1. Identify, by number, the condition in (1) under 30 Å from THR123 (Cα atoms); (2) loosely packed, with under 12 Cβ neighbours inside 10 Å that LEU82 doesn't meet.
2. Scan the helices (runs of 4 or more DSSP H) fully inside the range 1-81 and keep the ones with 2 or more residues being over 30 Å from ASP93 (Cβ atoms) and modelled with pLDDT of 95 or more.
3. Report whether or not THR102 is at pLDDT below 75 and either under 30 Å from SER35 (Cα atoms) or in contact with a Lys or Arg (Cβ under 9 Å, 6 or more places away or on another chain) (or both).
Amino acid sequence: MNIFASLLIAVNVHWQLCITLNNISHVSGYLGELSTLLHWDIVAQQLSIKHEDEAVGQTALRSLTSLVAATNDDVKLQSRVLSQQIIEKIVVDLKKYTIAFTRCHNDLPSVSIVRNRLTLSFTLLLRPR
């Protein structure tokens, strides 16, 4: 097994976490289509007809749209928080294994270059967005 394969195994980010992030993205995309899939425009018309008031249907439509927008915003926020936590975990693990690797191979001239580039990359990853 080469050093990079062992490094990937050593970084303890579970596949379930990656699947969760992917599901969050899928749900976010689905929320944008919800009004079309559930035919909210028809439902709003039927509510207006049933209550003999156009405002009832429009109010229901605005409420549903507002709820979906708030849910979508919350999903995006939680996704960013989760992504940042994953990045922080990966950076900590990568730093630990990079230090161990460079200590073992400190005599190679390329190690210094790799160490500097990784340090810069870690700094960029941890920068607040």
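1. (2)
2. 40-51
3. Against the criterion (at pLDDT below 75 and either under 30 Å from SER35 (Cα atoms) or in contact with a Lys or Arg (Cβ under 9 Å, 6 or more places away or on another chain) (or both)), THR102 qualifies.
The values are calculated or read from the model by the stated rules, or taken from the named source; none is laboratory data. Computed from a predicted structure; not experimentally measured. Cβ: placed from backbone, ideal geometry, glycine included. Neighbour counts: every protein chain shown.
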